[in-house]
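Visitor: Pasting in a structure now, in structure tokens, and then I'll have a few things to ask.
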Amino acid sequence: MKPRLPVITLLLIAVVILSVGEVMAAGAVPGDRNVPLNIIYPAKAQHENGGELYDITKAPFNAKGDGVTDNTAAFVAMMDAVRDATEAMRSKKSAWGSGPGWFYVPNGTYLVSDSIVCSREVKDGFAGLKLIGQDRRKTIIKLQDNSDGFSAGATKPLISWSKDPEHHQCGIAWGNEIRNLTLNTGKGNPGAVGLLFLGANACSMDNLNIVSGDGQGHCGLYFPTWAIQGYFHDITITGFDYGIETLNKAETNPTLEYLTLRGQGKAGVHVGAGCPGFRMLLSENTVPAVQITGADSQVVIIDSKLTKGAASEVALKVENAQGQIFVRNVETAGYGKAIEVAKSSSGQTSVAGGKIDEWLNGPVISFGNSPQRTLHLPIEEVPPSIWESDPAKWAVPEDFEGDDQARVQAALDSGKASVLLPSFGYTYKDPIRIPATVNHLDLMQHNTRAGTLEITEASNVPLLIEHPGTRVTLNIREPRTVVIRYGDAAWTISTDKPVTVHALALANTGPHKRFCPPNARIYARSINNENKGTPEFPVDGGLMWVLGFKAESPTECFAVRNGGILEVLGGYRNQCGIDGGKPMILNEDSNVSFVGFSNMARIFNEAIWETRGGDTRKLGKDQMPKRPAYNGTYFVPLYVGYDPSKVAEMLKTKR
């Protein structure tokens with residue numbers, strides 16, 4: 001059928017001021033939730049007992065958390081061990097995950113005098129390091145005061161995942177993680193960076209304090225290179241010129257939630273390039289909360305509070321008019337202006353301080369049959385992290401007899417709420433059942449491709465599954481809220497009863513069978529899929545909400561059918577392979593709002609297809625705002641295609 005031309009509405013100044021609180025989830029407050037975790041592993045997780053976890057205070061590293069000893073060499077040795085394991089894996093001399101990767105830091109103050117970074121070049125990137133502290137309040141890695149090399153202008157990190165970020169960027173640094181620590185850059189180190197992070201898929205950081213001892217330093221969290229995908233949450237950054245800085249225009253799309261920034265000297269966040277997404281940000285700064293200087297940037301910020309601003313400052317400052325910003329449910333206080341966009345052909349755009357319901361500085365793209373704003377879906381909060389601190393209350397397969405199949409099942413059937421798989425390479429062919437007694441299953445990314453995990457009993461208590469590895473398949477046979485994070489997994493929803501899935505920093509979630517059927521609600525933060533033959537994320541009558549995604553395929557990123565509901569806030573399609581003629585978004589008689597962009601130098605012509613009653617209308621790349629980074633890439637500032645009355649009715653009936 002011959003397509004019709006779209007209607008594209010330019011929304012440059014329009015802003016509706018409503019109450020932020022009306023759509024934030026019940027009881028949710030912006031900022032770091034400061035969840036207290038006392039992480040202590042069962043003894044059989046330790047390397048000396050056959051597990052994969054290395055204690056940094058034990059041989060061969062022998063760090064001391066006494067606040068006196070210089071531990072630089074111990075932590076650099078840790079980085080070198082991971083570097084060597086990564087190189088061995090990539091040269092096919094070892095299996096993925098079979099070398100050092102998991103490192104545990106018990107309570108203490110660990111002084112260092114130089115950067116914690118591998119001592120030798122990392123040829124193809126740095127992958128697989130998981131650095132985990134016992135208690136973020138009591139586990140401190142601290143740079144000595146007045147350390148050499150950290151003078152003004154140095155931009156030198158306390159901890160770095162990249163040896164040479166200017167020349168050795170990496171799109172395959174998989175599974176990097178840091179959690180439950182305080183990083184302190186000390187005093188007299190004005191060129192210090194708290195953490196330089198790198199990671200492409202299934203990367204995470206959570207429960208962190210990043211602090212400058214005297215307020216000086218370049219930035220707390222630094223993203224100068226690519227690739228950056230991951231879910232970063234429950235973090236407080238205090239001091240520095242910038243709380244967060246992202247500089248690379250390529251694959252840089254961090255998803256940040258439950259974040260507190262305070263006491264910055266220049267801006268809470270500086271986006272020189274890249275496309276970060278923020279939710280539940282609390283900024284307590286006199287300077288701008290977010291400063292955008294990059295033409296290739298697309299920033300999403302929702303459900304946030306930007307307070308303590310100076311009357312002479314702007315809360316959200318877009319200094320390059322080509323840069324994109326989408327704002328929803330943001331409250332500002334103290335600032336003279338809430339938003340200001342640099343001069344362009346359309347003139348200067350600014351918004352008075354106060355509460356912002358929804359605003360963007362680009363066109364709203366639709367076919368004329370939809371409200372010119374996002375779906376504004378209710379968002380279910382991620383359950384806070386949990387950890388059983390008594391090792392005796394964990395079950396591990398090594399406590400039981402039999403082959404791997406029998407031992408893993410016995411651990412899950414033990415009646416203990418927490419189960420850990422601490423060793424490399426379990427093999428099981430038959431499905432493994434997860435009973436209702438289990439609420440925390442940590443797979444430590446060392447399970448195999450051989451079997452399927454099945455939820456066989458209903459429960460009102462959420463199930464947390466962490467670190468699935470090598471494409472775990474989860475079969476949800478009974479209704480239960482599932483939080484699955486930091487790894488590589490797909491799921492099938494076999495029950496017809498209501499099911500909620502929280503997918504966090506999850507890679508390769510496919511191929512799919514009943515991924516999002518009518519009874520499902522999927523809440524995804526930083527998800528990635530690289531299937532080449534089927535739609536990356538098919539929404540078949542269910543509801544899916546996304547904050548940050550990446551897809552690499554000539555197929556559709558999202559295919560929404562049978563009255564499904566999809567809201568995507570930030571993320572991108574890597575235009576890999578040969579253009580297969582498929583759009584980024586397929587909307588067939590369904591309901592979609594979408595903010596995102598395309599990336600890489602290859603040209604894919606199709607952007608959005610929308611079908612209503614058999615009539616298909618199409619939008620191509622040339623009808624989208626061009627992204628300066630690469631010829632043929634583009635922004636989707638906001639696409640909307642939905643019927644609000646049908647959405648309201650479906651939201652009532654989908655639970």
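Visitor: With a ≥ b ≥ c taken as the square roots of the eigenvalues of the C-alpha gyration tensor of region 388-445, please select rounded if a/c is under 1.5 and otherwise prolate if a/b is larger than b/c or oblate if it is not?
Guide: Verdict is prolate for region 388-445.
Visitor: Now, a different point. Counting only heavy atoms of the protein chains, get the accessible area per residue of region 161-276 (1.4 Å probe) and round it to a whole Å² value.
Guide: Using a 1.4 Å probe on heavy atoms only, each residue of region 161-276 averages 19 Å².
Visitor: Another question, then. How many nm separate the modelled label positions at D403 and D430, each set 7 Å beyond the Cα in the direction of the Cβ?
Guide: Calculated label separation equals 1.0 nm.
Visitor: At 222 nm, what helix-only mean residue ellipticity would the chain give, in deg cm²/dmol to the nearest 500, using -39500 (n - 2.57) for each DSSP H run of four or more?
Guide: Value at 222 nm, helices only, nearest 500: -2000 deg cm²/dmol.
Visitor: If you don't mind, another one. Under a point-charge model restricted to the Cβ atoms of Lys and Arg (+1) and Asp and Glu (-1), what is the dipole moment magnitude of region 493-630 relative to its Cα centre, in debye to the nearest 20?
Guide: 240
Visitor: Restricting to the chain, what percent of DSSP beta bridges are antiparallel, rounded to 5?
Guide: 15
Visitor: Put +1 on the Cβ of every Lys and Arg and -1 on every Asp and Glu Cβ in the chain; which of G149, Q445, G188 then has its Cα farthest towards the positive end of the dipole?
Guide: Q445
Visitor: Please get the size of the charge dipole for the chain, origin at its Cα centre, with Cβ charges of +1 on Lys and Arg and -1 on Asp and Glu, quoted in debye to the nearest 20.
Guide: Rounded to the nearest 20 debye, it is 1220 debye.
Visitor: For the chain, which whole percent of the accessible surface, found with a 1.4 angstrom probe, sits on carbon and sulfur atoms?
Guide: 51
Visitor: If you don't mind, there's one more thing I want to ask. So which lysines pass the test for K416, namely a Cα distance under 24 Å, with those fewer than 8 places away in the same chain ruled out?
Guide: In chain and number order, the partners are K44, K393, K429.
Visitor: Another question, then. When a/c reaches 1.5 or more, the comparison of a/b and b/c decides; with that in mind, is region 245-389 rounded, prolate or oblate per its Cα gyration tensor?
Guide: Here region 245-389 falls in the rounded category.
Visitor: What is region 486-598's relative contact order, in percent, from Cα pairs under 8 angstrom and six or more apart in sequence?
Guide: After rounding, I find 20 percent.
Visitor: Right, next: Tell me, what is the percent relative contact order of region 532-655, built from C-alpha pairs under 8 Å that lie six or more residues apart?
Guide: Relative contact order, region 532-655: 20 percent.
Visitor: Turning to a different aspect of this structure: Among N361, S385, A410, flag the residue with its Cα farthest along the positive direction of the charge dipole of region 359-413, charges on Cβ as +1 for Lys/Arg and -1 for Asp/Glu.
Guide: N361
Visitor: Follow-up question, since we're still on this one. Which of the lysines could a cross-linker bridge to K618, judged by Cα under 19 Å and excluding same-chain residues fewer than eight apart?
Guide: Of all the lysines, those that pass the test against K618 - Cα under 19 Å, at least 8 places apart if same chain - are K2, K582, K626.
Visitor: Whole angstrom only: what separates the Cα centroid of region 129-153 from the Cα centroid of region 405-419?
Guide: What the calculation gives is 38 Å, centre to centre.
Visitor: Also: With +1 on the Cβ of every Lys and Arg and -1 on the Cβ of every Asp and Glu, and nothing else charged, how large is the dipole of region 99-154 about its Cα centre, in debye rounded to the nearest 20?
Guide: Roughly 300 debye, rounded to the nearest 20.
Visitor: Counting only DSSP beta bridges with both residues in region 521-655, what percent are antiparallel, rounded to the nearest 5?
Guide: 25
Visitor: Further question on the same structure: If you average over every viewing direction, what projected area does the convex hull of the Cα atoms of region 392-515 give, in nm²?
Guide: 6.7
Visitor: Can I ask one more? In the set [x] 193; [y] 140; [z] 175, which value of volume of the Cα convex hull per residue in Å³ was calculated from the structure you see?
Guide: The calculated read-out lines up with [y].
Visitor: If you don't mind, there's one more thing I want to ask. Sort the following peptides by mean Cβ neighbour count (other Cβ atoms within 10 Å, averaged over residues), highest first: 127-136, 614-623, 595-604, 402-411.
Guide: 127-136, 595-604, 402-411, 614-623
The values are calculated or read from the model by the stated rules, or taken from the named source; none is laboratory data. For clarity, every value in this text was computed on a predicted model and none was experimentally measured. Counting neighbours? That spans all protein chains shown, and the Cβs are built from the backbone with ideal geometry, glycine included. Surface areas here come from the heavy atoms of the whole protein model, side chains and all, with no ligands, DNA or RNA. Shrake-Rupley method; radii C 1.70, N 1.55, O 1.52, S 1.80 Å.
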